[in-house]
Amino acid sequence: MIFVCVSQLVCAQNKKKLPVSNPKNIKTIPLPKERDYTNLSMKVGASNSVIFLARNTKDNNNVLGYCAGLTYDVNNFVRVSSLYTHFKPINIEPTWLNIKANTFELNLEVMAKFPNNKTLLYPFAGLSYNTFEGFFTGQLDYLNLKEYYQVNSEIKNNWLGLNLGTGIEHQFDLMGIFIDYRMRVGKQDKVINIMDVCYTGGIKIKFPHGKLVKTLTHINDRFYWF
């Protein structure tokens, strides 16, 4: 009986000596969080184009323009893009002076992604609305445009075109780069022809989820008002 009491006393003392684990002292290592982006991105860049090819008779007839637009990813394979391009004023001397041109376009792009999931090829097609304005002198009129336009007058042409092209893009993280090539097909003098050939390049910036996006999303929640 005495032996049993002594053994229980020893066991009780040994239990008290065991270190008690304190979960508060355990340090947790936070896992790295991936950035969360919206489906909306912005493109800004420059264009090198032959504006209104049927009116341009110069050998070096390319003109530089500046462009900006938005893209929206419908899913992992299809996205919609818009682009506005403003071209610098040029002269096609001596026939045309002070030419101004702008282009508005909307395209549907099909994305083919590379294995790294950052580089993609995107053929596209869409519509464009093109404006052409210039002073027609009538001098050295090789295209016989006097049949359509009055000499020494301001001429404005607006035409609807079909865009066909392809591009390549590489996204680093928040920012990426892109280059694309397009042709614009339209109807001019009752004939369907290639109206424009254009090369475009620049940077693409993704819109990350932020406080403003979360706030706007929360406002649309029906439980927000209760």
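Please list E105, E93 from largest to smallest accessible area, probe radius 1.4 Å, with all protein chains kept in place.
Working: E105 10, E93 125 Å².
The ranking, largest first, comes out as E93, E105.
Just list whichever of K113/K204; K100/K206; K43/K187; K156/K206 have alpha carbons separated by over 27 Å in the model shown.
Pairs exceeding 27 Å: K100/K206; K43/K187; K156/K206.
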Original post:
How big is the accessible area of V185 in square angstrom, nearest 10, if you roll a 1.4 angstrom probe over the protein chains?
Top reply: 40
**OP:** Kindly report, to the nearest 10 Å², the accessible surface of H86 as traced by a 1.4 Å probe over protein heavy atoms only.
**Re:** 80
Original post:
Taking only the alpha carbons of the range 158-213, what extent do you get along each of the three principal axes, in Å, biggest first?
Top reply: 53, 24, 12
Subject >> Spherically averaged projected area in nm², based on the convex hull that wraps the Cα atoms of the range 52-198 >> reply: 9.5
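Quote the relative contact order of the range 78-150 in percent (integer), defining contacts as alpha-carbon pairs under 8 Å separated by 6+ residues.
Taking the mean separation of contacting Cα pairs over the length of the range 78-150, I get 32 percent.
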Original post:
Roughly speaking, what is the stretch gain from L162 to Y199, that is 0.36 nm per residue apart minus the C-alpha to C-alpha distance, in nm to one decimal?
Top reply: 11.7 nm
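The values are calculated or read from the model by the stated rules, or taken from the named source; none is laboratory data. In this text the structure is predicted, and so the values were computed from the model without any measurement. These accessible areas exclude ligands, DNA and RNA; they are computed on the full protein's heavy atoms, side chains included. Shrake-Rupley method; radii C 1.70, N 1.55, O 1.52, S 1.80 Å.
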